[in-house]
Amino acid sequence: MTTLLVIAKEPLPGRVKTRLTPPFTPEQAAALAEASLADTLHAVAETPATRRVLVLDGRPGPWLPPGFDVVPQCAGGLDARLADAFARCAGPALLIGMDTPQVTPELLTVDFAGCDAYFGPAEDGGFWALGLARPEPALLRGVPMSTPQTGAVQRERLVAAGLRVRDLPRLRDVDTAADARAVAALAPHGTFAARLADCTATGAR
């Protein structure tokens, strides 16, 4: 079975989802980030796994369900932090972020038989998931993060290493208000959709 890794920031106003402000306030953006993280962790908790790990920048809160090990993120850029997360794993591992609350246990249940890596592209050009049968941190170090080419560069890095790559469905990250509305429509019964409705009802300033 697989180790499931979630890399996340503590959902504090002014530190998360800053591209949601405006139209939302920093407090509303943090509430939406918390809901996104809660839905993500719930999906991970429902997915069969050897181990579930939250790689966290900050401190855990009441949004953290039982059954997760919590480890701190290392210093450095996102590529270094992702590499360090994989370095903590001895066997197959799948890593996701906190920006796709529409994920389901079905999407996260991966089988490395017949492949060496899983790659989940994001609509913004990045990636929402990366799985490695044999975690190798060097595959991530030096990949330019948060650019429209991030996903293409990361996937090419896997192919160039001779790995057999299996693609996951393309998902939309929550970065902007338009993203938030689109993602909430995909998972209308989740915590994120409910929180977005509350924020909209109280007025996004």
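Each label point is 7 Å from the Cα along the Cα-to-Cβ direction; what then is the distance between the points at THR147 and VAL159, in nm?
The answer from the label model is 1.8 nm.
With viscosity set to 1.306 mPa s and temperature to 10 °C, compute the Stokes-Einstein D of the chain, Rh being the Kirkwood radius across alpha carbon pairs; µm²/s, no decimals.
93 µm²/s
Please compute the length gained on full extension between ARG181 and ALA90, using 0.36 nm multiplied by the number of residues separating them and subtracting their Cα-Cα distance.
Stretched out fully, the ARG181 to ALA90 stretch lengthens by 28.9 nm.
If you fit an axis through the alpha-carbon atoms of helix 191-201 and take the longest principal axis of the Cα set of the chain, what angle between them do you get, 0 to 90°, nearest 10?
So the inclination is approximately 30 degrees.
If you take the square roots of the eigenvalues of the alpha-carbon gyration tensor of segment 1-120 and sort them as a ≥ b ≥ c, do you get rounded (a/c under 1.5), prolate (a/b over b/c) or oblate?
On the way: a/c = 1.89, a/b = 1.61, b/c = 1.17.
It comes out prolate by the Cα gyration axes.
I'd like the antiparallel share, as a percent to the nearest 5, of DSSP beta bridges with both residues in the chain.
Values: 9 of 28 bridges.
Counting only bridges with both partners in the chain, antiparallel ones make up about 30 percent.
Sort segment 113-164 into rounded, prolate or oblate with this rule: let a ≥ b ≥ c be the square roots of the eigenvalues of the Cα gyration tensor; rounded if a/c is under 1.5, and if a/c is not under 1.5, prolate when a/b is larger than b/c, oblate otherwise.
The shape class here is prolate.
Give a residue-ordered list of calculated ³J(HN,Hα) values for segment 81-87 (Karplus: 6.51 cos²θ - 1.76 cosθ + 1.60, θ = phi - 60°; whole Hz; x for Gly, Pro).
With coefficients 6.51, -1.76 and 1.60, one gets 6, 5, 4, 5, 4, 5, 4 Hz.
Semi-axes of the equivalent ellipsoid for segment 44-95, please: Cα gyration tensor eigenvalues, times 5, square-rooted, ordered largest first, whole Å.
So the equivalent ellipsoid measures 19, 16, 8 Å along its semi-axes.
If exposed means no more than 16 neighbouring beta carbons inside 10 Å and the site is in a DSSP loop, what's the longest run of the chain without any exposed GluC sites (Glu not before Pro)?
124-205
Got the relative contact order for segment 107-151 handy, in percent, Cα pairs under 8 Å and 6 or more residues apart?
36 percent
Express the accessible area of segment 146-205 per residue in Å², computed with a 1.4 Å probe while the remaining protein chains stay in the model.
So segment 146-205 comes to 58 Å² accessible per residue, rounded to a whole number.
Between CYS115 and ASP69, what is the label-point separation in nm under the 7 Å Cα-to-beta-carbon projection?
Computed distance between label sites ASP69 and CYS115 equals 2.5 nm.
Once neighbouring chains are kept in place and the probe is 1.4 Å, which whole percent of the accessible area of the chain is contributed by carbon and sulfur?
On the way: 5000 of 9280 Å².
The computed percentage sits at 54.
Could you work out the relative contact order of segment 96-205, using alpha carbon pairs under 8 angstrom and six or more residues apart, expressed as a whole percent? Could you put the intermediate results ahead of the total?
Numbers: 140 pairs, mean separation 33.8, N = 110.
Over segment 96-205, the number comes to 31 percent.
Could you quote the convex hull projected area for segment 97-205, Cα atoms only and averaged over all directions, in nm²?
The directionally averaged projection comes out at 7.8 nm².
With the contact rule set at Cα under 8 Å and sequence spacing of 6 or more, what percent relative contact order holds for the chain?
24 percent
What does the charge dipole of the chain about its Cα centre add up to, to the nearest 20 debye, if the Cβ of each Lys and Arg holds +1 and the Cβ of each Asp and Glu holds -1?
220 debye
Which order do PHE192, PHE127 take by accessible area at a 1.4 Å probe, largest first? Walk me through the numbers before you get to the answer.
Details: PHE192 5, PHE127 35 Å².
The most accessible residue leads, giving PHE127, PHE192.
Based solely on its DSSP helices, what 222 nm [θ] is calculated for the chain when runs of n ≥ 4 H residues each add -39,500 (n - 2.57) and the sum is averaged over all residues, nearest 500 deg cm²/dmol?
-9500 deg cm²/dmol
The values are calculated or read from the model by the stated rules, or taken from the named source; none is laboratory data. Here the structure is a predicted model, which means the values were calculated and not measured. Reconstructed Cβ throughout: ideal geometry from the backbone, glycine too, with neighbour counts over all protein chains shown. Remember, those area values only see protein heavy atoms, side chains included, never the ligands or the DNA or RNA. Shrake-Rupley method; radii C 1.70, N 1.55, O 1.52, S 1.80 Å.
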